[in-house]
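Coordinate-derived values only; no laboratory data. The shown structure was predicted, so the numbers you read here are calculated from the model rather than taken from an experiment. A quick note on method: Cβ atoms are made from the backbone with ideal geometry, for glycine too, and the neighbour counts reach across all protein chains shown.
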Amino acid sequence: MENIILIGMPGAGKSTVGVVLAKTLGLTFIDSDLVIQNRENRLLQEIIDDVGMEKFLDVEKEAVLSIHETKAVIATGGSVIFRQEAMEYLKENGKIVYLNVSYEEIERRINNITTRGIAKRKGHTLRDVYEERIKLYEKYADISINCDNRTLEEIICCLIENIY
């Protein structure tokens, strides 16, 4: 079985869905944000504040390229789509699933944009981040799952139906 890679906005539920999906399918769960934090020995926001967005994206890419797991559910950071090399690597090693959540729902879920570790350009709002990323999520996705107004269980069932 190939990996299942979850992409989407911060707040889309990649980590939450990933843990439950991995448990349901008997797979390993990997959160690339935690891989970064373990490699760097600091929080995502600290890295972004220290080195800036562009260098953070390189750190994120290197962390993704270090994942050699098979039979895993991988929850990626929301900004992984900015590094083509990382996305090509993920695509070669699994099926990419975009957890599609409306802007209104993301806005409702995220109330800590300045401390959450979201890679964003200076002066960009959450709306700007959303608009910039949507087309890239759609570009790289093998499967897109609409997560609005769905329970976790419904999302998991939909994912399994679309993957197998």
Original post:
Which cross-chain or sequence-distant (5 or more) residues have an amide H under 5 Å from the amide H of Phe29, H modelled 1.01 Å from N in plane?
Top reply: Val73
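Based only on other Cβ atoms within 10 Å, what is the fewest-to-most ordering of Ile110, Ile118, Ile143?
If I rank by nearby Cβ atoms, fewest first, I get Ile143, Ile110, Ile118.
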Original post:
Considering amide H positions built from the backbone, and no H for Pro or chain starts, which residues 5 or more places from Tyr98, or on another chain, come under 5 Å of its amide H?
Top reply: Ile7, Asp142, Ile143, Ser144, Ile145
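What is the sum of charges, Lys and Arg at +1 and Asp and Glu at -1, for the other residues whose Cβ falls under 9 Å from the Cβ of Val59?
On the way: positive: Arg39, Lys55, Lys61; negative: Glu40, Asp58, Glu60, Glu62.
Local charge sum for Val59: -1.
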Subject >> Normalised contact order of the chain, rounded percent, pairs of Cα under 8 Å and 6 or more residues apart >> reply: 34
